[in-house]
Amino acid sequence: MSATLVFKALSDPTRRSIIDLLKKQDMTAGDIAEQFQMTKPSISHHLHTLQNAGLVLSERSGQHIIYSLNTTVFQDIVAWMLTVSGKENEK
């Protein structure tokens with residue numbers, strides 16, 4: 001996991017909205033694109049950025065690619081942030 005890639009991916013409001021959608025359920029790129037007023041190639045770019053950061057996983061199912069959250073990366077980032085803030089040992 002590259003923290004730089006994660007924070008860059010999270011800096012965009014559209015990508016944060018995609019994460020919010022995937023938090024509720026796994027979706028295809030087409031399902032995700034229906035939620036936005038932008039082109040499918042733009043959504044694909046955002047999904048690619050999220051995948052490169054390790055925040056989103058993809059799995060082929062027939063002719064579709066299903067996208068889901070990679071919660072492990074979110075857990076790693078939170079743990080790192082707690083370490084940086086000095087609160088990792090607080091209960």
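The values are calculated or read from the model by the stated rules, or taken from the named source; none is laboratory data. None of these values were measured; they are calculated from a predicted model. Because the Cβ atoms are built from the backbone with ideal geometry, glycine has one as well, and the counts that use them run over all protein chains shown. The area values use the complete protein model at the heavy-atom level, side chains included, leaving out ligands, DNA and RNA. Shrake-Rupley method; radii C 1.70, N 1.55, O 1.52, S 1.80 Å.
Among Thr71, Ser85, Leu22, which residue has its Cα furthest toward the positive end of the charge dipole of the chain, with +1 on Lys/Arg Cβ and -1 on Asp/Glu Cβ? So the residue furthest toward the plus end is Ser85. GNM on the chain, alpha-carbon springs under 10 angstrom: the most fluctuating residue among Ser61, Ser42, Ser11 is Ser61. Across the chain, C-alpha contacts under 8 Å between residues 6 or more apart give a mean separation that, scaled by the residue count, equals a relative contact order of 29 percent.
Stokes-Einstein diffusion coefficient for the chain at 37 °C in a medium of 0.692 mPa s, Rh from the Kirkwood formula over Cα pairs: what value in µm²/s?
Values: Rh = 13.9 Å.
Stokes-Einstein gives a translational diffusion coefficient of 236 µm²/s.
Relative to the dominant Cα principal axis of the chain, helix 71-85 is inclined by about 30°. Based on protein heavy atoms only, the chain ends up with 68 Å² per residue of surface accessible to a 1.4 Å probe. Relative to the longest principal axis of the Cα atoms of the chain, the long axis of helix 13-24 lies at roughly 90 degrees.
For the chain, carbon and sulfur atoms together expose 51% of the accessible surface, with a 1.4 angstrom probe and every protein chain in place.
Once a ≥ b ≥ c are taken as the square roots of the eigenvalues of the Cα gyration tensor of segment 27-68, is the result rounded (a/c under 1.5), prolate (a/b larger than b/c) or oblate (a/b not larger than b/c)? Judged from the Cα gyration tensor, segment 27-68 comes out oblate (a/c at least 1.5, b/c at or above a/b).
Of the residues Gln51, Gln37, Gln75, the one that moves most in a GNM of the chain with alpha-carbon contacts below 10 Å is Gln37.
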